[in-house]
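Engineer: Here it is, the structure in full.
The values are calculated or read from the model by the stated rules, or taken from the named source; none is laboratory data. Predicted, not measured: the structure shown is a model, and the values here were computed from it. Here Cβ is always computed from backbone atoms with ideal geometry, including for glycine, and neighbour counts include all displayed protein chains. Keep in mind that these areas ignore ligands, DNA and RNA; they rest on the heavy atoms of the full protein, side chains included. Shrake-Rupley method; radii C 1.70, N 1.55, O 1.52, S 1.80 Å.
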2 protein chains.
Amino acid sequence: MTLPIGVLISGSGSNLQALIDRMEVGVLDVTIQAVISNVPGVKGLERAANHGIFSQTLSHRNYPDRASYDRIVVRVLRDAGVQAVVLAGFMRLVGPELLAAFPGRVLNIHPALLPSFPGLHAQEQAAAYGVRLAGCTVHFVDEEVDHGPIIIQAAVPALPGEEADALGDRILALEHRIFPQAVQWLAEDRLEVQGRQVVVRPGERLLATRNDLPPCLVFPPLEEGF
Amino acid sequence: MTLPIGVLISGSGSNLQALIDRMEVGVLDVTIQAVISNVPGVKGLERAANHGIFSQTLSHRNYPDRASYDRIVVRVLRDAGVQAVVLAGFMRLVGPELLAAFPGRVLNIHPALLPSFPGLHAQEQAAAYGVRLAGCTVHFVDEEVDHGPIIIQAAVPALPGEEADALGDRILALEHRIFPQAVQWLAEDRLEVQGRQVVVRPGERLLATRNDLPPCLVFPPLEEGF
């Protein structure tokens, strides 16, 4: 059983590519039934074509308001047999029409350790703020920007004075790992939402418990004696 | 050469204890010249006494406003020969009088990955939000709450539905490691502030560079194939 999903993009679609790559090596149990871009001519559309995936450009500029845009997106996704939706660099707020059509089945990836730095240009925000740990977050989508219940987070070191691009690349490399993982948990129906808490139910491989947590991450690194 | 510091507390002073412990094993090159608590009878005062450290209770309730309170704090710190000030669970905003008296030499530790969850009860805020990575931050103090340039951050996994106390304990264990480290960098005069960026200048032990970064931290952990 594979989960039929739709992927919404606005740009290069590197997170779409990460999903495709994991599908093609057989570890991600989804089929991408549709890729929708709200921006014409982006590289993500080319990626879909390269892998024989149906795609469509639906420019929000052709619709009078968010509700009517969301309705056409929902119709295309439903016609393609989609059962869950993942936002992979989709630069638009999704509205209640889309969320109601796929309740509890819309995921987003954001390039920051939410709730820090929601919204646009998160990597630039983090670099300018001077954080020493940056990262990315996959979460369920709700009607607020970058706000829904968190599924998985990853932290990376951030160097003082580093270019936002360099930090962004390091974050992006992790996005490409945690996003397919979160989608796979969705495909295996292992995500249980309790208010704002997301429990990942144990699968074939056991998850960490309180007595078996991964180590911490400290940056700059501690020196001898600390 | 050791740096004479003052420590401001409001409660149990476990971060004060972490400083004392590192001093006593000889890895932290400071002397604590004064401990000031704005709350009478707290355990931190007892810890100071146990180690022969001068301490004084200065209740903010006895002063008409922040400026007059800060002035008496500055006077006590100066009389004790203090050259830098660390806030170790000091639950009051410090004002311009204190910052001007020790320019660029006031540090604070906050139990969250700033800029997430500033202010009171950060661990509870993080647990309620449902983050999967929590942590702590040592930063220079400015006139905004939990806002100044960041020196060091540490991230720990946070379990869904976990009690804030359990998460708080895990964060506190890391506070006890990164706080003395940051104070030691200050004592070695290795912290260079450029706007919001804090560069830790190399010491005897080399710090990580872009080609030598510590690994990332992902939670929940990635499963095989991701």
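Engineer: Among the residues of segment A:173-188, is any under 30 Å from residue B:140 (Cα atoms) and at the interface with chain B (Cβ under 8 Å from one of its Cβ atoms)?
Structural biologist: Looking for residues that are under 30 Å from residue B:140 (Cα atoms) and at the interface with chain B (Cβ under 8 Å from one of its Cβ atoms), one finds at least one in segment A:173-188, hence yes.
Engineer: Residue under question is residue B:154, and the condition is that it be at the interface with chain A (Cβ under 9 Å from one of its Cβ atoms), touching a Leu at 6+ places or on another chain (Cβ under 8 Å) and of a type in the set (A, V, I, L, M); does it hold?
Structural biologist: Considered against the rule, which asks whether it is at the interface with chain A (Cβ under 9 Å from one of its Cβ atoms), touching a Leu at 6+ places or on another chain (Cβ under 8 Å) and of a type in the set (A, V, I, L, M), residue B:154 comes out as yes.
Engineer: Residue A:113: under 30 Å from residue B:137 (Cα atoms) and in contact (Cβ under 8 Å) with a residue 12 or more places away in the chain, yes or no?
Structural biologist: yes
Engineer: Filter segment A:18-29 for residues that are in contact (Cβ under 8 Å) with a residue 60 or more places away in the chain and crowded, with 17+ Cβ neighbours inside 10 Å and give the result.
Structural biologist: The answer is A:18, A:19, A:22, A:28.
Engineer: Next question. Does at least one position in segment A:79-90 carry a residue that is assigned to a helix (DSSP H, G or I) and open to solvent by 40 Å² or more (accessible area, probe 1.4 Å)?
Structural biologist: Among the residues of segment A:79-90, at least one is assigned to a helix (DSSP H, G or I) and open to solvent by 40 Å² or more (accessible area, probe 1.4 Å), which makes the answer yes.
Engineer: Being in a loop (DSSP other than H, G, I, E, B) and touching an Asp or Glu at 6+ places or on another chain (Cβ under 8 Å) is the requirement here; does residue A:1 meet it?
Structural biologist: When the stated conditions are applied, residue A:1 passes them.
Engineer: Across segment B:30-76, what is the number of residues that are within 16 Å of residue B:97 (Cα to Cα), open to solvent by less than 70 Å² (accessible area, probe 1.4 Å) and of a type in the set (Lys, Arg)?
Structural biologist: Count: 0.
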